[in-house]
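A quick write-up on the structure given underneath.
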Amino acid sequence: MRFTRVTLFFIALILGLGFYQLARYLLADVEPQTFQANEEVMVDAANLLAELVEEDLREHHIDSEKFARVFDAAHERRFSAQIHDHLKTKVGLDVYITDAHGTVLFDSRGQRTGLDYSRFRDVYLTLNGKYGARSSREKEDDPSSSILYVAAPVGDPANPIGVLTVYKPQADALPIIRSRRRAILLGIGLVGFGVASLITVVFLWLFRPIGNLTEYARAIGRGERPTLPRLGAGREVNTLAHALESMREVLEGRRFAERYIQTLTHEMKSPLAAIRGAAELLDEDMPAAERKRFLGNIRAESARSERMISRLLELSAVESRAHLEETEELDFAEIIRRAAEQARPLAEHHPARLDIQLPDLPVPIRGDAFILRAAVTNLLENAIDFSPVGGAVRVEVAEHAGEAVLSIADEGPGIPDFARDKVFERFYSLRHHSAGRKGTGLGLTLVKEAADLHHGSVVLENREPKGAQAVFRIPKSKAKV
């Protein structure tokens, strides 16, 4: 992923530099192209006007007053010529005429008449049979004051009798230049935005889901139960996600079966060895009291094996699930009531007193009834097993901060310090207070798995002055049951 992001960054950088160079090239070319187009038109105008004044210049009679009236009237004329995005409202073209020596005979602005222009490029080059043009600033420190001059020979181009120069402020073309630059910047901006959007969409469409899948795989590696992340509508990514999910289920199924076979084999060795030893001793001649004791051992170990297999089956039903595929609206109080009925025979045999306080109104939750009932039953049986003879097991249900909270407290010896961090581990068990035997070590593991599947939590802590308390929390449902 890091390599992909670095590659994507460099692609974006290269595209950005490319757009920058393209913008520089196009923007730098706008002004010269516009002035070249103007110059081409001015060349036509200069040659047409040169033909008009040729006869007067040959007769050494330039009607300056007539030309002045014409240009003054043209400059005063107002019109509206919409040239694409540019609105032209007045004439911006002027003229001056020189004789064969470069002396100005007429200037439409009236500022150059009588001046010697023989050294200026437009006049000098034209008098020498070449194309004459120049661009000069009226103010040296102001680039916008530049004026473009284009000359045409009057008479024979090889031996002209004079020069006619048309001139026009380049500032007249600046609105067109600015408009073209805005259009170029807008076009490049839109293309750049489109490319950036495409890169962003590709990142969100493909690489972000891959990152989510990577975190999903890492969570599985840590032993968590993550749900398959939402990846959008990308077909390729979703195909990969479903393939990973299928592979996880297959691998977990194999590891799950192997782990439980190994666990069951290991844990069953001790009770089976005890049963076999007691059975072998029963073949010998022994007092009735000894025989009764060995028969009791066989019954106890058989019951232990049965409980272990039962707990393993319950735990396997929970641990094999990454999440709850089907849930229903339930009343948490009713689940606790049924679990208490299931645990009551054990309490009567112990004996221990069940003090159950349930609310009158339903406690709505959403989940799996079988898993929740198994979890509550195991908490109750655990509290009963560690209660002293005649002790009370108090069961309460409350609602707090959007959660259904079940607390089960006993009056037993509590949890030793060395066992506090291990009580939810598989096959970790303490010796029961009254029975003097160890449990299967699977009940609290099942409770922890049930809480995780329902996005809840469970804690087991000591009470003052004595006893332990289990607190089981799961989110409430907004629906009514």
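Can you work out which of the residues in the range 89-105 that are at pLDDT 90 or above and farther than 16 Å from ALA45 by Cβ is surrounded by the fewest Cβ atoms within 10 Å (Cβ to Cβ)? My answer is HIS101. Among the residues here, ALA81 does not qualify as in contact with a strand residue (DSSP E or B) (Cβ under 6 Å, 6 or more places away or on another chain) and modelled with pLDDT of 95 or more.
Of the strands (runs of 3 or more DSSP E) entirely within the range 1-119, those holding at least 2 residues that are of a type in the set (A, V, I, L, M) and touching a residue at least 40 places away in the same chain (Cβ under 8 Å) occupy 94-99. Here GLY129 meets each of (1) without any contact (Cβ under 8 Å) to a residue 24 or more places away in the chain; (2) farther than 18 Å from GLN170 by Cα with one exception, condition (1).
Among the listed residues PRO175, PRO160, PRO143, which satisfies the condition of being under 18 Å from PHE106 (Cα atoms) and either surrounded by 13 or more Cβ atoms within 10 Å (Cβ to Cβ) or in the same structural domain as VAL43 (by TED's automatic domain parsing) (or both)?
Result: PRO160 is the single residue among PRO175, PRO160, PRO143 that is under 18 Å from PHE106 (Cα atoms) and either surrounded by 13 or more Cβ atoms within 10 Å (Cβ to Cβ) or in the same structural domain as VAL43 (by TED's automatic domain parsing) (or both).
Report whether or not VAL30 is surrounded by 15 or more Cβ atoms within 10 Å (Cβ to Cβ), touching a helix residue (DSSP H, G or I) at 6+ places or on another chain (Cβ under 8 Å) and assigned by TED's automatic domain parsing to the domain that holds TYR124. Judged against the criteria, VAL30 is not a match.
To keep it simple, each residue is scored yes or no on (1) hydrophobic (A, V, I, L, M, F, W, C); (2) under 28 Å from HIS75 (Cβ atoms); (3) touching a residue at least 60 places away in the same chain (Cβ under 8 Å).
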site: ASP122; (1), (2), (3): no, yes, no
site: ALA151; (1), (2), (3): yes, yes, yes
site: LEU164; (1), (2), (3): yes, yes, yes
site: LEU185; (1), (2), (3): yes, no, yes
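Looking only at residues in the range 349-389 that are basic (Lys, Arg) and at pLDDT 90 or above, the one that is surrounded by the fewest Cβ atoms within 10 Å (Cβ to Cβ) is ARG353. When GLU54, GLU39, GLU59, GLU76 are checked against the criterion of being exposed (fewer than 11 other Cβ atoms within 10 Å of the Cβ) and within 27 Å of GLY132 (Cβ to Cβ), GLU59 stands alone in meeting it.
Yes/no matrix, rows are residues, columns are (1) in a helix (DSSP H, G or I); (2) modelled with pLDDT under 85:
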residue	(1), (2)
LEU148	no, no
ASP156	no, no
LEU198	yes, yes
ASN212	yes, yes
ARG225	no, yes
LEU231	no, yes
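The values are calculated or read from the model by the stated rules, or taken from the named source; none is laboratory data. Being a predicted model, the structure only gives us computed values, none of them experimental. Virtual Cβ from ideal backbone geometry, glycine too; neighbours counted across all protein chains shown.
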